[in-house]
Amino acid sequence: MLLTPDEKTRPADMAGLFELAPAKINLALHVVGRRPDGYHLLESIVSFAEHGDRLRFAAAEQDAFTLSGRFAGSLQSDDASSNLVLRARDALRSALQQAGIVAPPVAIHLEKNLPVASGLGGGSADAAATLRGLLRLWQADIPPADLDRLALSLGADVPMCLRQEPLMVRGIGEDMTRISDFPALALVLGNPMVPVSTPEIFRRLKRRDNPPIGQRTETDWLGFLATLRNDLEPPARSLVARIGELSDLLSAEGALLTRMTGSGASCFGVFASMGDANRVADRLRHVRPDWYFQATRTAGSELK
Ligand code: C5P
C-alpha cells in the first residue's frame, strides 16, 4: 500500500483498530482526606476533551510498540515498567489468560499529542484506551467490576478514563457517578512545558482536610464551578511559577473560568464558544510558541 507523506507521518491513521485517549480535565479537585496508605481522598468533577492521544491496534507476529506525535520524545517506547500502554497490555493479557482467553501478539501505535506529566491524564487515558482497544481486537470481555479493578491497579485516574464521560469522582478515583446534565464546554488547554511530579505536589499540600464539593447550589454549572477549587493548584504554583503566568494569559483573553487541572502544570480556560476558544489558542501560540495551547470541546449535553 502506498502512503501519502501525511499518512507516513501519522501512522495511527493506517489500517487497524483505533481508540482516542481523550485529555482528562479536572474542572474542580478538592483534597478532603488521606487514606492510611498515604493516597489522598479526593472529590473531583471530571470531563473529557475531544482532543487527545490516538492509539492504533493491529494483530501482529510479535508484540510491537511504536510512537509518533509532538510529545513522542518524552516517552520511552520499550520500558514496560514506566510505559502505561505496555503495562495495560500485559495486565489485561494476563487477566484474560487466567480466564482461559487467548490474547495474541499485537502491534500498538501511540500518537502522543498530549504533553507528558501535565495533569491532562495522558498516561492514564492511554492505559484506558489500551484496555478498550485490546478488548475489541481480541474480541474478549471481562466483568466491568474486574475491569475497573484492573484499571485502578494501573493508576488512580485510569478507571475514570475508561468512562470518558462527565463524572463526579470520589475516593482516590474508584467511586464514580455520571453527571447526566453536565454541559459541553469550549476550552483552551495550556501547558508551560514544565513536567510536574504528582507525588511531589501531594507532598507539598498544606492541608489534607479541605471542604468537600457539596451539593450544587447555583443553577448553572459554570457558576457552581466558579465556587470550587483545585486544592493542588497552590502547591503547584509555588513549585512552578509559570502556572501563574499561564493562568493570567488565559484570564486576560477573556476566559469565563481559569483553573489548573490534575496536579498541573496544565491549566484550562472556559470560553463562550468554540470560535472564541480557537481564536484564543491561535493567539496564545504566537505569544508563547514554545508552550502548548489547544482549543477543544468537552463531552456533555450542549455546548455552552
Ligand atoms: O495513581 P497514580 O500512579 O496516578 O498516582 C501517582 C502518585 O500520586 C501516587 O503514588 C501518590 O503518591 C499520589 N497520589 C495520591 N493520592 C491520589 C492519587 C495519587 O497521593 N488520590
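The values are calculated or read from the model by the stated rules, or taken from the named source; none is laboratory data. Keep in mind that this is a model prediction, so the values were computed, not measured. Note that we place each Cβ from the backbone using ideal geometry, even for glycine, and neighbour counts take in every protein chain shown. The accessibility values were calculated without ligands, DNA or RNA, using every heavy atom of the protein model including side chains. Shrake-Rupley method; radii C 1.70, N 1.55, O 1.52, S 1.80 Å.
Taking only region 273-297 into account, find how many residues are surrounded by 14 or more Cβ atoms within 10 Å (Cβ to Cβ) and under 12 Å from V188 (Cβ atoms). Full working, then the answer.
From region 273-297, those surrounded by 14 or more Cβ atoms within 10 Å (Cβ to Cβ) are 274, 276-281, 284-285, 288, 291-297; that's our starting set.
Among the residues that remain, those that are also under 12 Å from V188 (Cβ atoms) are: 274, 276-281, 284-285, 291-297.
Qualifying residue count for the region: 16.
Being within 16 Å of the ligand (Cβ to nearest atom), more than 15 Å from the chain's Cα centre (by Cα), part of a loop (DSSP other than H, G, I, E, B) and of a type outside the set (D, E) holds for only one residue in P212, P195, and it is P212.
Return the residues of region 257-280 that are at pLDDT 95 or above and within 20 Å of T198 (Cα to Cα); say none if nothing qualifies. Steps first, please.
Initially, region 257-280 is screened for residues at pLDDT 95 or above, giving 257-263, 265-280.
Scanning region 257-280 gives R259, M260, T261, G262, S263, A265, S266, C267, F268.
Is there a residue in region 246-255 that is aliphatic (A, V, I, L, M) and within 16 Å of the ligand (Cβ to nearest atom)? No; the residues of region 246-255 include none that is aliphatic (A, V, I, L, M) and within 16 Å of the ligand (Cβ to nearest atom). Just to be sure, is R283 away from the ligand (no atom under 16 Å from the Cβ), outside the structural domain of A21 (by TED's automatic domain parsing), at pLDDT 95 or above and basic (K, R)? For R283, the condition - away from the ligand (no atom under 16 Å from the Cβ), outside the structural domain of A21 (by TED's automatic domain parsing), at pLDDT 95 or above and basic (K, R) - is met. When we screen G173, G133, G190 for residues that are surrounded by 22 or more Cβ atoms within 10 Å (Cβ to Cβ) and at pLDDT below 95, the only hit is G173. For first residues located in region 166-188 and among the aromatic types (F, W, Y), partners that are open to solvent by 20 Å² or more (accessible area, probe 1.4 Å) and lie 6+ apart or on another chain with Cβ distances below 8 Å form the pairs F182/W221; F182/G300; F182/S301.
Suppose the filter is open to solvent by less than 80 Å² (accessible area, probe 1.4 Å), over 22 Å from the mean Cα position of the chain (by Cα) and under 18 Å from V46 (Cα atoms); does G269 pass it? So G269 fails the test.
On inspection, L239 qualifies as in the same structural domain as V188 (by TED's automatic domain parsing) and open to solvent by 30 Å² or more (accessible area, probe 1.4 Å). Note on region 213-236: residues that are of a type outside the set (V, I, T) and either loosely packed, with under 14 Cβ neighbours inside 10 Å or without any contact (Cβ under 8 Å) to a residue 24 or more places away in the chain (or both) total 7. Listed by position, the strands (runs of 3 or more DSSP E) inside region 11-124 whose residues that are within 13 Å of the ligand (Cβ to nearest atom) and crowded, with 19+ Cβ neighbours inside 10 Å number at least 3 are 17-34, 40-59.
Restricting region 245-258 to residues that are surrounded by fewer than 23 Cβ atoms within 10 Å (Cβ to Cβ) and under 22 Å from G122 (Cα atoms), the residue that is nearest to the chain's Cα centre (by Cα) is T258. Taking into account only those residues within region 136-165 that are more than 15 Å from the ligand (Cβ to nearest atom), assigned to a helix (DSSP H, G or I) and in contact with a strand residue (DSSP E or B) (Cβ under 8 Å, 6 or more places away or on another chain), which is least open to solvent (accessible area, probe 1.4 Å)? Out of the qualifying residues, it is L137. Suppose the filter is among the basic types (K, R) and over 27 Å from I213 (Cα atoms); does R229 pass it? Spelling it out, it is not the case that R229 is among the basic types (K, R) and over 27 Å from I213 (Cα atoms).
Tell me, please, whether a residue that is over 29 Å from L42 (Cα atoms), assigned by TED's automatic domain parsing to the domain that holds P22 and of a type in the set (K, R) can be found in region 99-114. So that I can check it myself, show each step before the final result.
Here is the first cut: in region 99-114, the residues over 29 Å from L42 (Cα atoms) are 99-111.
After this cut, where a residue has to be assigned by TED's automatic domain parsing to the domain that holds P22 as well, the list is 99-111.
Subsequent filtering for residues that are of a type in the set (K, R) retains none.
Within region 99-114, none of the residues are over 29 Å from L42 (Cα atoms), assigned by TED's automatic domain parsing to the domain that holds P22 and of a type in the set (K, R).
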